[in-house]
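*Asks:* Following this message is one structure expressed as structure tokens.
The values are calculated or read from the model by the stated rules, or taken from the named source; none is laboratory data. Only a predicted model underlies this, so the values are computations on that prediction, with no experimental measurement involved. Cβ atoms come from the backbone with ideal geometry, glycine included; neighbour counts cover every protein chain shown.
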Ligand code: PGA
């Protein structure tokens, strides 16, 4: 099964009106790619970036949503609001949301459900901490995080989702998983999904995230179960991000 690669830039809580103009104009100089190229700015800049990328092939993502649909939830952003800004994807279950903001598997699953109801494509982030890896819990953790979502929305919904395997120990640390380590986990994730549906497991794109750089990305992209990358720090530099996109082919 040929799966299109996705290269997504998670800008996290970075950028200003000015810096975003220069980052996006840098990205717009890029030649068309066979991969889908996605950028995830902070909420206040979605409207600006939506205008800047109009008529280009760049695709917009948001970094979070509320699991609630609307109402008295001060400080939250709803899935339907994102539809107004041409947002296609939403990152859910990012390890920073899980660890800093206490998002449990159940909360993440309910956000996935809400996203799907509003036709956003969840990029479901999963992954183990260093401690969990060292105690051989990597697969158990990934499976638990996936199972919470499968239990709520069903395996068929994974056809409308993307999974991002992001080992917590590799995020923002400069310590990327090797291509072989990433492949090993991606293959196991696919095998786990296949227990519920073989055909869904073959279709779902599984991205790797965690200190992806241009220099390490080609080895990653050669792995049969690595269908792209979720890039944090390196996506804030247009040249570096474009080099990663080129490596994806
Ligand atoms: P990083 O972040 O590339 O800066 O490690 C990845 C992520 O958190 O998605």
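*Asks:* Restricting to segment 153-172, name every residue that is surrounded by fewer than 16 Cβ atoms within 10 Å (Cβ to Cβ) and either more than 23 Å from residue 224 (Cβ to Cβ) or within 16 Å of the ligand (Cβ to nearest atom) (or both).
*Replies:* 154, 156, 172
*Asks:* Now for a different question. Within segment 84-120, track down each residue that is within 16 Å of the ligand (Cβ to nearest atom) and in contact (Cβ under 8 Å) with a residue 40 or more places away in the chain. If you could, list the steps in order and put the result at the bottom.
*Replies:* The first filter runs over segment 84-120 and keeps only residues within 16 Å of the ligand (Cβ to nearest atom), leaving 89-101, 103, 108.
89, 91, 93, 94, 95, 96, 99, 108 - these are the residues of segment 84-120 that are within 16 Å of the ligand (Cβ to nearest atom) and in contact (Cβ under 8 Å) with a residue 40 or more places away in the chain.
*Asks:* Can you name every residue in segment 224-247 that is part of a loop (DSSP other than H, G, I, E, B) and touching a strand residue (DSSP E or B) at 6+ places or on another chain (Cβ under 8 Å)? Spell out the reasoning first.
*Replies:* Narrowing segment 224-247 to residues part of a loop (DSSP other than H, G, I, E, B): 224-227, 232, 237.
Listed by number, the residues that qualify are 225, 226, 227, 232.
*Asks:* Kindly provide the set of residues from segment 194-220 that are away from the ligand (no atom under 15 Å from the Cβ) and part of a helix (DSSP H, G or I), ordered by number.
*Replies:* Matches in segment 194-220: 194, 195, 196, 198, 199, 200, 201, 202, 203, 218, 219.
*Asks:* Quick check: is even one residue across segment 102-120 closer than 20 Å to residue 228 by Cα and crowded, with 16+ Cβ neighbours inside 10 Å?
*Replies:* Start the filter on segment 102-120 by keeping residues that are closer than 20 Å to residue 228 by Cα, which leaves 120.
The next check asks that each one be crowded, with 16+ Cβ neighbours inside 10 Å; those that pass are 120.
Yes; the residues of segment 102-120 include at least one that is closer than 20 Å to residue 228 by Cα and crowded, with 16+ Cβ neighbours inside 10 Å.
*Asks:* Select from segment 60-83 the residues that are assigned to a loop (DSSP other than H, G, I, E, B) and either within 16 Å of the ligand (Cβ to nearest atom) or within 20 Å of residue 24 (Cα to Cα) (or both) and list them in ascending order.
*Replies:* Of segment 60-83, the ones assigned to a loop (DSSP other than H, G, I, E, B) are 63-78.
Answer for segment 60-83, where residues must be assigned to a loop (DSSP other than H, G, I, E, B) and either within 16 Å of the ligand (Cβ to nearest atom) or within 20 Å of residue 24 (Cα to Cα) (or both): 63, 64.
*Asks:* With the structure loaded, tell me whether residue 175 is in contact (Cβ under 8 Å) with a residue 12 or more places away in the chain, touching a helix residue (DSSP H, G or I) at 6+ places or on another chain (Cβ under 7 Å) and away from the ligand (no atom under 12 Å from the Cβ) or whether it fails that test.
*Replies:* Numbers: in contact (Cβ under 8 Å) with a residue 12 or more places away in the chain: yes; touching a helix residue (DSSP H, G or I) at 6+ places or on another chain (Cβ under 7 Å): yes; away from the ligand (no atom under 12 Å from the Cβ): no.
No.
*Asks:* Starting from segment 224-235, keep only residues that are farther than 15 Å from residue 59 by Cβ, then list their pairs with residues that are outside any loop (DSSP other than H, G, I, E, B) and within 7 Å of the ligand (Cβ to nearest atom) whose Cβ atoms are within a distance under 6 Å, requiring at least 6 positions of separation or different chains.
*Replies:* 232/10
*Asks:* Here is a follow-up. For residue 31, are the conditions met, namely being modelled with pLDDT under 95, out of contact with any strand residue (DSSP E or B) (no Cβ under 9 Å at 6 or more places or on another chain) and more than 16 Å from the ligand (Cβ to nearest atom)?
*Replies:* Working: modelled with pLDDT under 95: yes; out of contact with any strand residue (DSSP E or B) (no Cβ under 9 Å at 6 or more places or on another chain): yes; more than 16 Å from the ligand (Cβ to nearest atom): yes.
Taking the combined requirement at face value, the residue satisfies it.
*Asks:* Next up: Being in a helix (DSSP H, G or I), out of contact with any strand residue (DSSP E or B) (no Cβ under 6 Å at 6 or more places or on another chain) and under 18 Å from residue 83 (Cβ atoms) is the filter here, so list the residues in segment 110-156 that pass it.
*Replies:* 113, 114, 116, 117
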